[in-house]
Number of protein chains: 2
Amino acid sequence: MPSRILAVGTRGATVARTGRRPGRTQTREEILTAARNQFAARGYTATTIRGIAAEAGVNPALVHHFFGSKDQIFVAALNLPFNPATLVTTVLDGPRERIGERIVRLFLRLWGDPATRTPFFALVRSVSSNEEVAAQLRQFMENAVLAKVADALDLPPLRLTGAVSQMVGLVMVRYVIGAEPLASATEDEVVALVAPVLQHYFTPA
Amino acid sequence: MPSRILAVGTRGATVARTGRRPGRTQTREEILTAARNQFAARGYTATTIRGIAAEAGVNPALVHHFFGSKDQIFVAALNLPFNPATLVTTVLDGPRERIGERIVRLFLRLWGDPATRTPFFALVRSVSSNEEVAAQLRQFMENAVLAKVADALDLPPLRLTGAVSQMVGLVMVRYVIGAEPLASATEDEVVALVAPVLQHYFTPA
């Protein structure tokens, strides 16, 4: 599976734009600023591409062209170190009896790489210290990730949030707090420890 | 089990003290300031009551009298919203086959109470944003909680950190991020969801 971390919206725009014509980078930054304002003011759910375009003074087609979907704008606006589409694909692609292992290995790969770990730490700090960011991320997770997975697997949403809680805690204890022996355990040791728990959550009673 | 949250070191000191005699509250604050300095400079493990007393310019017996053990000074210095002795007692007291349920109910009681939730949030912020605090808390957890429980239950420490990761994640997703439906689930629903996972960690393979 290709890693698309932080790789959203880097292709150039060729869509026509009214008014003065700033450079491509400046337009992209203006759209991101408008998106941050809209997400902060309205939350993830109520924000629309049309609303972001209006605040940025550009055509909605330009926003689509730069970023694709609303999910992708959110990823770029909050500088999220993961792509929800990748996450959903990882969970759903492959045999269901190995979902737990696939998820654990994906998280260890993302957090084991210093390049993605740094923005992850920034995200943990934002969520912990800023209720507005926590609310936006919550709505985003519920809409862009959890609802899709629960639906595709016919899984009770509560069990899915159980799995999420295990993965969030694994990351906090292994990487943020760094408690031993979990912090220094090998990837295979962590898989042996945690994958059965995830598998349990993904197996309805 | 009595709730001793934030109730450490509130009894007065009657131990003799050399030099000027400031009020009881002032002395207690001076000891706490010295303790914060010592824990920050040396970490939890290398800090001693003798060292804290020396920095505060008081007799070590006075530090003992105000706070009891080094663990208790740490709890007061970092304003921890839980008492590690209570945590260890909860885990160890009662039938081993219900350890999971006991731990989940304790955490939900602590986080469900607004009076203890507020300092918990402050703790999460500190750990997420300050590596020094994270390091102190890590050493404290390893020494004052995890080693004692692993030893008493003859449990591999890695399995114990697995259980810790599940509880940390439960708290993050239910209370800090507030993701539904976990945020609004009843206590019994959360117990049914998470207690079997904890029980799994507390049952060596």
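Nothing in this text is a laboratory measurement; each read-out follows from the coordinates by a stated rule. If you're wondering where the values come from, they're calculated on a predicted model, not measured in any experiment. As a convention, Cβ positions derive from the backbone with ideal geometry for all residues, glycine included, and neighbour counts pool all protein chains shown.
Cα atoms only, the protein assembly as shown: Rg and Dmax in Å?
Expressed in Å, the Cα Rg and Dmax of the protein assembly as shown come to 24.2, 82.
With a 10 Å cut-off between alpha carbons and a GNM built on chain B, which of B:134, B:46, B:147 moves the most?
Top of the fluctuation ranking is B:46.
Measuring from a point 7 Å out along Cα→Cβ, what nm distances, shortest first, does residue A:183 have to its partners in the other copies?
3.1
Across peptide A:174-184, how many C-beta atoms of other chains are within 10 Å of each residue C-beta, on average?
Details: counts 2, 0, 7, 11, 5, 13, 8, 8, 8, 2, 1.
Partner Cβ neighbours, averaged per residue: 6.
What longest range of chain B stays clear of loop-exposed trypsin sites (Lys or Arg not before Pro) (DSSP non-H/G/I/E/B, at most 16 other C-beta within 10 angstrom)?
Working: sites that count: B:4, B:11, B:17, B:20.
The longest such stretch corresponds to B:21-205.
For a quick check: sort B:190, B:88 by the number of other beta carbons within 10 angstrom, fewest at the front. Before the final figure, lay out the partial values.
Numbers: B:190 20, B:88 17.
Fewest to most other Cβ atoms nearby, the residues stand as B:88, B:190.
Which net charge results for the neighbourhood of residue A:203, defined as the other residues with beta-carbon distances under 13 angstrom from its beta-carbon, given Lys and Arg at +1 and Asp and Glu at -1? Mind dumping the intermediate values first?
Working: positive: A:96, A:98, A:159; negative: A:97, A:154.
Charge balance near residue A:203 sits at +1.
Can you compute the modelled spin-label distance between residue A:42 and residue A:54, with each label point 7 Å from Cα toward Cβ, in nm?
Each label point is offset 7 Å from its Cα along the Cβ direction, giving 0.7 nm.
Tell me the angle of helix A:187-201 to the major Cα principal axis of chain A, expressed in degrees between 0 and 90 and rounded to the nearest ten.
Helix A:187-201 sits at roughly 80 degrees to that axis.
Counting partner chain Cβ atoms within 10 Å of every residue's Cβ in B:154-167, what's the average?
Counting Cβ atoms of other protein chains within 10 Å of each residue's Cβ and averaging gives 6.
Taking a point 7 Å out from Cα toward Cβ as the label site, list the nm distances between residue A:156 and the same residue in every other copy, smallest first.
3.0
For chain B, find the longest principal axis of its Cα atoms and tell me its angle to the long axis of helix B:131-140, 0 to 90°, nearest 10.
Around 80 degrees separate the two axes.
What distance in nm separates the two pseudo spin-label positions at residue A:152 and residue A:92, each 7 Å out from Cα along the beta-carbon direction?
Result: 0.4 nm between the two label points.
So what's the net charge close to residue B:165: Lys and Arg +1, Asp and Glu -1, counting the other residues with Cβ under 11 Å from its Cβ?
Once all neighbours under 11 Å are counted, the net charge is +2.
From the square roots a ≥ b ≥ c of the eigenvalues of the alpha-carbon gyration tensor of region A:117-205, which class results: rounded (a/c under 1.5), prolate (a/b over b/c), or oblate? Could the numbers behind the result be given before it?
Details: a/c = 2.63, a/b = 1.06, b/c = 2.48.
It is oblate, given that a/c is not under 1.5 and a/b is not larger than b/c.
At 0.36 nm per residue, minus the direct Cα-Cα distance, what do residue A:188 and residue A:125 gain on full extension? Give it in nm, one decimal, please. Let's see the in-between values first.
Working: separation 63, 0.36 × 63 = 22.68 nm, distance 2.82 nm.
Net length gain for the segment: 19.9 nm.
Return the average number of partner chain Cβ atoms within 10 angstrom of each residue Cβ along peptide B:118-128.
3
Which of A:166, A:136, A:26 moves the most in a Gaussian network model of chain A with Cα springs under 10 Å?
Per the Cα network of chain A with a 10 Å cutoff, A:26 tops the list.
Tell me, in nm to one decimal, what length is gained between residue B:25 and residue B:61 on full extension, where the rule is 0.36 nm per residue of separation less the Cα-Cα distance? Before the final figure, lay out the partial values.
On the way: separation 36, 0.36 × 36 = 12.96 nm, distance 1.66 nm.
Extending this stretch completely gives an extra 11.3 nm.
Show that you can apply the helix-only estimate: for chain B, add -39,500 (n - 2.57) for every DSSP H stretch of four or more residues, divide by all residues, and state [θ] at 222 nm to the nearest 500.
Working: 11 runs with 133 residues, N = 205.
When only DSSP H runs of four or more count, the value is -20000 deg cm²/dmol.
Using alpha-carbon pairs under 8 Å, 6+ residues apart, how would you state the relative contact order of chain A in percent? Could you put the intermediate results ahead of the total?
On the way: 200 pairs, mean separation 47.3, N = 205.
Relative CO of chain A lands at 23 percent.
Taking the label point 7 Å from Cα in the Cβ direction, how far apart in nm is residue A:203 from each other copy of itself, listed shortest first?
From this label point to the equivalent ones elsewhere in the assembly: 1.2 nm.
Give me the net charge of residue A:138's neighbourhood, meaning all other residues with Cβ under 13 Å from the Cβ of residue A:138; Lys, Arg count +1, Asp, Glu -1.
Details: positive: B:174; negative: A:131, A:132, A:142, B:180.
It works out to a net charge of -3.
Which single residue of chain A puts its beta carbon nearest to the axis of rotation relating A to B, and what distance, in whole Å, does that give?
Nearest Cβ to that rotation axis, in whole Å: A:169, 1.
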